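So that we are looking at the same thing, I have put the structure below in structure tokens.
Any read-out appearing in this document is the output of simple, stated calculations on the displayed coordinates, not a laboratory observation. Quantities reported herein were computed from a predicted structural model and do not represent experimental measurements. So basically every Cβ, Gly included, is an ideal-geometry build from the backbone, and we count neighbours across all protein chains shown.
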Ligand code: NAP
Ligand code: F7E
């Protein structure tokens, strides 16, 4: 039975990846940081089948000791300060966790067992103010937030340790992926939750920022399959993963409200508070390498993703209202 360690197991992707690895017969170890209240909501249904241990990307010792104790063959580094607006309020913390945290994981692998395979969760935010459309593995980076800058560091230190120390370290450059488990502050989930609340009469409006920015949105459950597949290749590499389609926040709203028989124009209020100091206007992937080498392709299209999220939030809130 192979062992995999997932940092960021309590996050959206951590929960889907844990499910995938369990279904493949892995022993799954999840690293979670200590909090005064439990935040195991996304992995509650898995707790009997996985081992959750305390650790933190800012703490080198915790990373070293977990590799020594659990001896994983694969490490998936999903932990990060991942919310872009927070990266302007807490830029140093974002750099410590999202950038230097990657070096700490790489150092732990180098010292404990350099045969361990590492997946680093890189991001389309690295393309930022895009210099070519669509974006592929060779597209130069132009990050637009402290988060994007930190991810560029994480990407290059991964490549550097691959080249310096011959580690099997891959960088998955994933475009936005969403699900009913997405954090409530990200725009897709904010919209699906907002629509469901308006439908149930719990809210009257939904306040958003820039409706014109465009993203390449896919389903998180599909993307964790690409992560796993990258670690099963003969050699480590970088891969862009996305749908190859781009849609605006406005389009997301139109479908989400439309699905409930509502017109978004009647409810969405644009609010300067949700605009960013520097925006990423347009992201769209060219994922042909992932298709060719990994055999990966998305199974959920944009409309299915939006309606899946709205339906899930409606069902969740209906249950809450009833109780
Ligand atoms: P997420 O839901 O925000 O999860 C982030 C995880 O990191 C959480 O488990 C969080 O723990 C943990 N974490 C934060 N700071 C930590 C620290 N100092 N030490 C240890 N753990 C820490 O993010 P996600 O959407 O699942 O994304 C997973 C990874 O992919 C992230 O690295 C993200 O930047 C990257 N990424 C995401 C997307 C996307 O569209 N989702 C696209 C490209 C790349 P708590 O639960 O305690 O907060
Ligand atoms: O914003 C616009 C906002 O916060 C998407 C993270 O997973 O994906 C995510 O980063 C767009 C932006 O995600 C609101 O200005 C409008 O243009 O959902 P988001 P993100 O910044 O793309 C990448 C790939 C990651 O790696 C990150 O970790 O939506 N937008 N109005 C809004 N965004 C938010 N959050 N809230 C609004 O009210």
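What is the percent of Cα-Cα separations in segment 1-135 that go past 19 Å?
51
In nm², what is the average projected area of the convex hull enclosing the Cα atoms of segment 55-197?
It is 9.8 nm².
Also, I was wondering about something else. Using a Förster distance of 56 angstrom, determine the FRET efficiency expected from the C-beta separation of residue 237 and residue 322, and round it to 0.05.
So, using R0 = 56 Å, E works out to roughly 0.65.
Another one. Residue separation times 0.36 nm, minus the C-alpha to C-alpha distance between residue 279 and residue 114: what's the value?
55.5 nm
What translational diffusion coefficient, in µm²/s and rounded to a whole number, does the Stokes-Einstein relation yield for segment 1-74 at 4 °C and a viscosity of 1.567 mPa s, taking the hydrodynamic radius as the Kirkwood radius over Cα pairs?
The calculation lands on 105 µm²/s.
A further question on this structure: Run a plain Debye calculation on the chain (Cα atoms as equal point scatterers, no solvent) and give log10 I(q)/I(0) at q = 0.09, 0.13, 0.16 Å⁻¹, rounded to two decimals, same order as the q list.
Evaluating at q = 0.09, 0.13, 0.16 Å⁻¹ gives log10 I(q)/I(0) of -0.45, -0.97, -1.44.
At 222 nm, what helix-only mean residue ellipticity would the chain give, in deg cm²/dmol to the nearest 500, using -39500 (n - 2.57) for each DSSP H run of four or more?
Result for the chain: -11500 deg cm²/dmol, rounded to the nearest 500.
Summarise the long-distance tail of P(r) for segment 113-257 by giving the % of C-alpha pairs beyond 27 Å.
31
Express the Stokes-Einstein translational diffusion coefficient of segment 244-310 in µm² s⁻¹, to the nearest whole number, given a Kirkwood radius over alpha-carbon pairs, 20 °C and a viscosity of 1.002 mPa s.
In µm²/s, the coefficient rounds to 148.
Per q in 0.12, 0.13 1/Å, what log10 I(q)/I(0) does a Debye calculation on the alpha-carbon atoms of segment 180-310 return?
Summing over Cα pairs of segment 180-310 leads to -0.53, -0.60.
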